[in-house]
Amino acid sequence: EIVDLANACQAKMDAATALIDGLSGERVRWTNQLASFKSETERLVGDALILIAFLSYSGPFNQEYRLFLQKHWNDFIQGRRIPFSVDLNIPDILSDVAT
């Protein structure tokens with residue numbers, strides 16, 4: 001009976017070790033994701049400003065003028081040292097496959 005308990009305990013230890021080893025590989029991914037989230041959070045205000053300006057002011061204009069406005073807003077925000085995503089793709093953010 002003691003041998004059976006020892007074997008069961010060893011099996012649990014082996015399973016726990018395998019789980020810990022599997023999760024240790026996730027640590028790298030989680031660390032990278034954390035850095036990415038911090039960077040995205042820093043740019044959130046600037047990105048939101050550009051998206052709000054686009055939604056508020058660019059509706060009646062053609063694509064060429066919308067791009068001009070976006071460049072102007074980017075320059076304005078950059079001049080005030082507000083972090084934002086330089087490669088912000090407004091149509092991708094404001095739409096999805098269904099729309």
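Which residues, taken from segment 70-99, are of a type in the set (Ser, Thr, Tyr) and loosely packed, with under 13 Cβ neighbours inside 10 Å? If you could, list the steps in order and put the result at the bottom.
Quick first cut of segment 70-99, residues of a type in the set (Ser, Thr, Tyr) only: 85, 95, 99.
95, 99 - these are the residues of segment 70-99 that are of a type in the set (Ser, Thr, Tyr) and loosely packed, with under 13 Cβ neighbours inside 10 Å.
Among the listed residues 47, 14, which satisfies the condition of being in a helix (DSSP H, G or I), touching a Leu at 6+ places or on another chain (Cβ under 7 Å) and surrounded by 10 or more Cβ atoms within 10 Å (Cβ to Cβ)? Give the steps one after another, and end with the answer.
Numbers: 14 fails: touching a Leu at 6+ places or on another chain (Cβ under 7 Å).
None of the other options fit; the residue is 47.
Select from segment 74-99 the residues that are assigned to a loop (DSSP other than H, G, I, E, B) and over 16 Å from the mean Cα position of the chain (by Cα) and list them in ascending order. I'd like the intermediate steps shown before the answer.
If we filter segment 74-99 for residues that are assigned to a loop (DSSP other than H, G, I, E, B), which is where we start, we get 80-89, 95-99.
Listed by number, the residues that qualify are 80, 81, 82, 95, 96, 97, 98, 99.
Specify which of the listed residues (35, 15) is farther than 20 Å from residue 82 by Cα and without any contact (Cβ under 8 Å) to a residue 40 or more places away in the chain.
Numbers: 35 fails: farther than 20 Å from residue 82 by Cα.
Answer to the check: 15.
Pull out all pairs, ordered by first then second residue, where Cβ-Cβ is under 9 Å, the residues are six or more apart or on different chains, the first lies in segment 80-99 and is without any contact (Cβ under 8 Å) to a residue 60 or more places away in the chain and closer than 13 Å to residue 53 by Cβ, and the second is surrounded by 10 or more Cβ atoms within 10 Å (Cβ to Cβ) and among the hydroxyl-bearing types (Ser, Thr, Tyr).
That search, which allows pairs on different chains as well, returns 90/58.
Taking segment 17-37, which residues are exposed (fewer than 10 other Cβ atoms within 10 Å of the Cβ) and of a type in the set (D, E, K, R)?
Of everything in segment 17-37, those that are exposed (fewer than 10 other Cβ atoms within 10 Å of the Cβ) and of a type in the set (D, E, K, R) turn out to be 21, 27, 29.
Bear in mind these aren't lab numbers, they're just calculated from the coordinates by the rules spelled out. Only a predicted model underlies this, so the values are computations on that prediction, with no experimental measurement involved. Neighbour counts run over all protein chains shown; Cβ positions are idealised from the backbone, glycine included.
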